[in-house]
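S.K.: Just passing along the structure, written as structure tokens.
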Amino acid sequence: MLSLGTYYSIITCRNSENDIENSIVSIYDQSIKPEYIIVIDDGSKDSTPTILNRLKQEIPVLHIITNPDLGYDITRVPFNYNKALRYINENNLVDTDYHMIASDDCIYEKDYASKVISYMDNNQDKVFVSGNYERSKYNVPRGSGRFVRSSYFKRHHKFYPERMGYETVILYESEMKGYNYAVLDYAKYTHNRALGSNHGFSETGPMMKILGYHPLFAFNRFLVYFISGKPIGRKGAIRMLYDFVFYKPHRNTFDMIYSKELRDHIRKKQLKRLRNVQNKIRTLSRNSLPYRETTLMEK
């Protein structure tokens, strides 16, 4: 049997005393173990630091970065990812083929890493791949459980964009460079907390605005979210649409608007998806019409 690629994991947390241990253990107990696990504790005020210090004694590959308590702020996530990447360089930790972005409340099935890595080893054009936690099909890699190909990331990024939309923009940029991404529905994990319980998806609408989402695509997404109630709930869907319409991006800040080239690429892709959906609806409508014999005039 061929050996699979290597990886390490990054986890950010804050006040995660109910979930962090199970998340770390589920990663450490993978059938393919990570070379190391880096946890960034973003100023926890509960017993999270005590739990992490105990786990560090039990898990030799666990590294902990502790931030001061500056209050909860979801925008610090990419900064913390980059702090972990700098820590790796400063401490000469071993290079790996991939890195895994994990969440403090997620539990990964034992073969999660092996399933994703096996797929990526055999599909070199895929540079971002995740599993799924839902039964429904999903085309865009999840933020949690996402594996990133190191060779690609080091060549084109080195660090995460310290701007809103950092998880999404690198996917679109990979498309523009001729690469691709995937979601593996057979690689499963679970969320212990309700998705978005901390941040309430407050960045979704503004992110869509600064990335230049097409208005028709944004409204279609609103309808899907509002009718289904997933994944952000109906209140979240209303807030998303409101922010998309009225939010004003800033210059030289975390929510600065992205380049015209990137925004044009995103809109073209979204229009193509909308046309595909429209064509499918037309096909279904034709196929659902009652059968009638073709007349001579129609032949």
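S.K.: Quick one: which residues, 5 or more positions from Ala187 or on another chain, have an amide H under 5 Å from its amide H? H modelled 1.01 Å from N in the peptide plane, none for Pro or chain starts.
M.R.: It is Asn132, by chain and number.
S.K.: Based on the alpha carbons, how large is the Rg to Rh ratio for the range 35-152 when Rh follows Kirkwood? Each step should come with its number before you reach the end.
M.R.: Numbers: Rg = 15.4 Å, Rh = 15.9 Å.
So for the range 35-152, dividing Rg by the Kirkwood Rh gives 0.97.
S.K.: Could you please report the charge total around Phe244, scoring K, R as +1 and D, E as -1 over all other residues with beta-carbon less than 11 angstrom from its beta-carbon?
M.R.: +2
S.K.: Also: Give the aspartates and glutamates reachable from Lys158 as a straight Cα distance under 15 Å; neighbours fewer than 8 places away on the same chain don't count.
M.R.: Glu90, Asp95, Asp97, Glu167, Glu173
S.K.: Let me ask something else about it. Tally Lys/Arg at +1 and Asp/Glu at -1 over every other residue whose Cβ is under 14 Å from the Cβ of Lys126; what's the total?
M.R.: Local charge sum for Lys126: 0.
S.K.: Sort the chain into rounded, prolate or oblate with this rule: let a ≥ b ≥ c be the square roots of the eigenvalues of the Cα gyration tensor; rounded if a/c is under 1.5, and if a/c is not under 1.5, prolate when a/b is larger than b/c, oblate otherwise. Show your work: numbers first, answer last.
M.R.: Working: a/c = 1.90, a/b = 1.59, b/c = 1.20.
Prolate shape, in that a/c is at least 1.5 and a/b is the bigger ratio.
S.K.: Of His63, Thr50, Ser130, which is farthest towards the positive pole of the range 7-191's charge dipole, taken about the Cα centre with +1 and -1 on the beta-carbons of Lys, Arg and Asp, Glu respectively?
M.R.: Value: Ser130.
S.K.: Please report the antiparallel percentage of DSSP beta bridges with both residues in the chain, rounded to the nearest 5. Provide the component values of the computation, followed by the final result.
M.R.: Numbers: 9 of 32 bridges.
Approximately 30 percent, going by the DSSP bridge assignments.
S.K.: Report the FRET efficiency, 1/(1 + (r/R0)^6), for Asn192 and Asp264, where r is their Cβ-Cβ distance and R0 is 41 Å, rounded to 0.05.
M.R.: 0.55
S.K.: Just how many % of Cα pairs in the range 121-275 lie over 21 Å apart, if you round to the nearest whole percent? Spell out each step's value before the answer.
M.R.: Numbers: 6000 of 11935 pairs.
Of the Cα pairs, 50 percent sit more than 21 Å apart.
S.K.: Moving on. Round to the nearest 0.05 the FRET efficiency obtained for Val277 and Asn92 when R0 = 45 Å and r is the Cβ-Cβ distance.
M.R.: The calculated FRET efficiency here is 0.35.
S.K.: Here's something else I'd like to know. Please give the net charge around Met256, taking every other residue with its beta carbon less than 14 angstrom from that of Met256, where Lys and Arg add +1 and Asp and Glu add -1.
M.R.: Net local charge, Met256 excluded: +3.
S.K.: To continue, here is another question. What is the distance in Å between the Cα centroid of the range 106-154 and that of the range 229-284?
M.R.: That distance is 24 Å.
S.K.: Please quote Rg/Rh for the range 204-287 to two decimal places, taking the Kirkwood radius as Rh and restricting both calculations to Cα atoms.
M.R.: Here the Rg-to-Rh quotient is 1.05.
S.K.: Can you show me the helix-derived [θ] at 222 nm for the chain, built from DSSP H runs with n ≥ 4 at -39,500 (n - 2.57) apiece and divided by the number of residues, rounded to the nearest 500.
M.R.: It lands at -13500 deg cm²/dmol.
S.K.: Quick check on my link table: of Lys260/Lys280; Lys177/Lys209; Lys154/Lys280, which ones sit more than 28 Å apart, alpha carbon to alpha carbon?
M.R.: With Cα atoms farther than 28 Å apart: Lys260/Lys280; Lys154/Lys280.
S.K.: Quick one: how many lysine pairs does the range 29-144 have with C-alpha atoms less than 24 Å apart and a gap of 8 or more or different chains? Give me the count, please.
M.R.: 14
Every number in this text was worked out from the coordinates using simple rules, so none of it is lab data. From a predicted model like this one, the values you see are computed outputs, not experimental measurements. No Cβ is skipped: glycine too gets one built from the backbone with ideal geometry, and neighbour counts run over all protein chains shown.
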